[in-house]
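This report refers to the structure that appears directly beneath it.
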Amino acid sequence: MIDPGIEKYAEEHSSQHKQVLYELYRETNLKVMHPRMLSGSQQGRFLSMLSHMIHPQTVLEIGTYTGYSAICLAEGLAEDGKIHTLELDPELEEIASKYFKKADVEKQIIQYFGDAMNILPGLDLLFDLVFIDADKENYSNYYRLIFDKVRSGAYILVDNVLWSGKVIEPLKKGDKDTAGILEFNHLIQKDERVENVLLPLRDGLMLIRKK
């Protein structure tokens with residue numbers, strides 16, 4: 001979505017991630033399928049910066065993958081703050097847990113494995129920050145499930161809302177991912193209970209504040 005030269009320049013003029021995150025990034029690319037799902041350095045620094053600004057006590061993440069984004073979000077947690085992170089694939093637990101320990105944040109992160117649609121209704125918590133980066137078809141469903149669990153004035157951040165530019169192209173038959181993102185973006189734009197801004201960072205980030 002962004003000119004590679006501009007993206008490289010932006011990364012060179014942003015703070016760099018910690019060594020443990022570099023190691024996690026490298027191991028994910030070497031050993032795990034679909035490594036493009038991993039948050040990159042610049043997006044990770046944005047997550048960390050936002051977390052430092054909000055200083056959240058309770059964070060919800062839908063889509064742990066190998067744990068990179070959770071570690072970034074943990075950098076700005078309030079004292080005794082917790083991140084509740086949900087992942088469908090239990091095979092990713094080993095690498096995520098390994099790096100949570102290496103980053104010394106394992107006591108701040110609570111992992112759940114299974115279908116988020118089944119797990120979310122049972123979470124009796126109020127969140128200061130939510131990060132959604134999971135299956136695109138269910139973005140609108142996740143939003144509806146978590147909305148009443150988000151404090152007034154809290155933030156919801158959603159990844160991949162530009163979907164490699166497919167959001168401005170004719171929708172192809174059977175493309176459920178793009179259809180899900182289009183539905184979600186429309187839902188947010190029409191929701192008068194929130195304020196939102198779509199940031200063209202990496203593959204698009206939707207930042208939402210609950211009024």
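Using 0.36 nm per residue of separation minus the Cα-Cα distance, give me the extension gain between TYR22 and ALA10 in nm, one decimal.
2.5 nm is the gain from fully extending TYR22 to ALA10.
Please compute the net charge surrounding PHE46, taking Lys and Arg as +1 and Asp and Glu as -1 over other residues with Cβ under 11 Å from its Cβ. It would help to have the intermediate numbers written out before the result.
On the way: positive: ARG45, ARG202; negative: ASP159.
Neighbourhood net charge equals +1.
Charges at C-beta only: +1 for Lys and Arg, -1 for Asp and Glu. How large is the resulting dipole of the chain about its Cα centre, in Debye rounded to 20?
Taking the Cα centre of the chain as origin, the dipole is about 300 debye.
Let me know the Kirkwood hydrodynamic radius for segment 149-211, please, with Cα pairs as the basis and the value in Å to one decimal.
Values: mean 1/r = 0.0810 Å⁻¹.
Evaluated on segment 149-211, it is 12.3 Å.
Any aspartates and glutamates with Cα under 17 Å of the LYS102 Cα? List them, leaving off those in the same chain fewer than 8 positions away.
LYS102 reaches GLU23, GLU27, GLU75, GLU93, GLU94.
May I ask which residue of LEU92, PRO121, ALA74 lies farthest towards the positive end of the charge dipole of segment 4-210, with charges of +1 (Lys, Arg) and -1 (Asp, Glu) on Cβ and the Cα centre as origin?
ALA74
How long is the gain from GLU94 to ASP124 if the chain were fully straight, where each residue apart is worth 0.36 nm and the alpha carbon distance is subtracted? Working shown, then result.
Values: separation 30, 0.36 × 30 = 10.80 nm, distance 2.66 nm.
Going from the current span to full extension adds 8.1 nm.
Could you tell me how many cubic angstrom of Cα convex hull volume the chain has per residue?
With only Cα atoms used, the chain gives 125 Å³ per residue.
Using 1/(1 + (r/R0)^6) with R0 = 35 angstrom and r between the beta carbons of ILE2 and VAL32, what's the FRET efficiency to the nearest 0.05?
Efficiency computed from Cβ-Cβ geometry: 0.90.
Among the lysines, which fall within straight-line cross-link reach of LYS107, defined as a Cα-Cα distance under 25 Å, with same-chain neighbours fewer than 8 residues apart omitted?
LYS107 reaches LYS18, LYS82, LYS98, LYS149.
Once every DSSP H run of n ≥ 4 in the chain is given -39500 (n - 2.57) and the sum is divided by its residues, what mean residue ellipticity at 222 nm do you get, rounded to the nearest 500 deg cm²/dmol?
Calculated mean residue ellipticity at 222 nm is -11000 deg cm²/dmol.
Every read-out reported here was derived from the displayed coordinates using simple, explicitly stated rules and does not represent laboratory data. Every value quoted in this text rests on a predicted model; they were computed, and no experiment measured them. Here Cβ is always computed from backbone atoms with ideal geometry, including for glycine, and neighbour counts include all displayed protein chains.
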